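Data block below; observations after.
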Amino acid sequence: MRRKFTQLSLLLALASSLPLKAQYAPQDTTYRKYFIGSTFFLLGNFSESNNPEFVQLNLGYRLTGKDVVSLELKTWKYAWPLGIPLYDSSFETPEEEFPGYVREYGFALVYQRFWWKGLYTGVHVMNAWQSFVDENGQKIDNGFQIFNTYRLGYHIKLFNDRWFIEPSIAITHRPYHTEMPGSFKQLDDKWSKFNTEPGLHFGFKF
């Protein structure tokens, strides 16, 4: 499902950015300071197989024309190691699937810096509490991880600057996590703690 989302994200990003050149000009002092939003990864919840049961809510505040901070609240589940690249031949194969799944609940603190027109870089630092669930649906352990995302994207204004979308590309990094159950750890240890992924956030300003 993540692969389908990736293809959809890239397609929407390309289609959205071609005719638009939204930006915050240096003289723009009337921008709205608050926003609420989420990500198009929510579309993955329509999948009949490998449904991530994903929920994300973003709450943000624009400090200046160039500096934005936000809070991301999210939960989801996954049944494969997060280090498998999207286009690797092992992606979502039965051989790499966990004997169950991981459910996470967490929040991320986010800082975005705008450099030129709508171009920005961002750092997301997520604290995630984990439940490890076996193939019978029974919780077998708890865990915790820090999941960082380093993002390069573009902010596109829509509908008189009330709405926006932000296509992006990101490097993800898991700098810390507690010990996994042995059957999960064996599979997870085969893959890097770094990965790449596309992003396509959206939001409403007020």
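Tell me which residues, restricted to the stretch 164-197, are over 30 Å from residue 118 (Cα atoms) and outside any loop (DSSP other than H, G, I, E, B). The answer is 176, 177, 182, 183, 184, 185, 186, 187, 188.
Among residues of the stretch 126-163 being in a strand (DSSP E or B) and of a type in the set (D, E, K, R), the one that is nearest to residue 67 (Cα to Cα) is 151. Where residues in the stretch 56-89 are among the small types (Gly, Ala, Ser) and not in a strand (DSSP E or B), which of them is modelled with the lowest pLDDT? That would be 65. Is one or more of the residues making up the stretch 92-102 surrounded by 14 or more Cβ atoms within 10 Å (Cβ to Cβ), closer than 27 Å to residue 202 by Cα and of a type in the set (Val, Ile, Thr)? Checking the stretch 92-102: at least one residue is surrounded by 14 or more Cβ atoms within 10 Å (Cβ to Cβ), closer than 27 Å to residue 202 by Cα and of a type in the set (Val, Ile, Thr).
On the basis of being free of Cβ contacts under 8 Å to residues at least 40 places away in the same chain, part of a strand (DSSP E or B) and either more than 20 Å from residue 200 (Cβ to Cβ) or out of contact with any Lys or Arg (no Cβ under 6 Å at 6 or more places or on another chain) (or both), does residue 123 make the cut?
Yes, satisfied.
Look at (1) of a type in the set (Lys, Arg); (2) in contact with a Leu (Cβ under 9 Å, 6 or more places away or on another chain); (3) free of Cβ contacts under 8 Å to residues at least 24 places away in the same chain and you find that residue 139 fails only one, number (2). Of 133, 123, all but one fail to be out of contact with any Pro (no Cβ under 7 Å at 6 or more places or on another chain), buried (at least 16 other Cβ atoms within 10 Å of the Cβ) and among the aliphatic types (A, V, I, L, M); the exception is 133.
For residue 162, the conditions (1) out of contact with any Pro (no Cβ under 9 Å at 6 or more places or on another chain); (2) free of Cβ contacts under 8 Å to residues at least 40 places away in the same chain; (3) not aliphatic (A, V, I, L, M) are fulfilled apart from (2). Can you confirm whether residue 184 is more than 15 Å from the chain's Cα centre (by Cα), surrounded by 14 or more Cβ atoms within 10 Å (Cβ to Cβ) and of a type in the set (Phe, Trp, Tyr)? Taking the combined requirement at face value, the residue satisfies it. With the condition kept exactly as written, say whether any residue in the stretch 78-89 is in contact (Cβ under 8 Å) with a residue 40 or more places away in the chain, surrounded by fewer than 16 Cβ atoms within 10 Å (Cβ to Cβ) and in contact with a helix residue (DSSP H, G or I) (Cβ under 8 Å, 6 or more places away or on another chain). Yes: the stretch 78-89 contains one or more residues that are in contact (Cβ under 8 Å) with a residue 40 or more places away in the chain, surrounded by fewer than 16 Cβ atoms within 10 Å (Cβ to Cβ) and in contact with a helix residue (DSSP H, G or I) (Cβ under 8 Å, 6 or more places away or on another chain).
The values are calculated or read from the model by the stated rules, or taken from the named source; none is laboratory data. This is a predicted model, so every value here is computed, not measured. Positions of Cβ are generated from backbone atoms using ideal geometry, with glycine treated the same way; all protein chains shown enter the neighbour counts.
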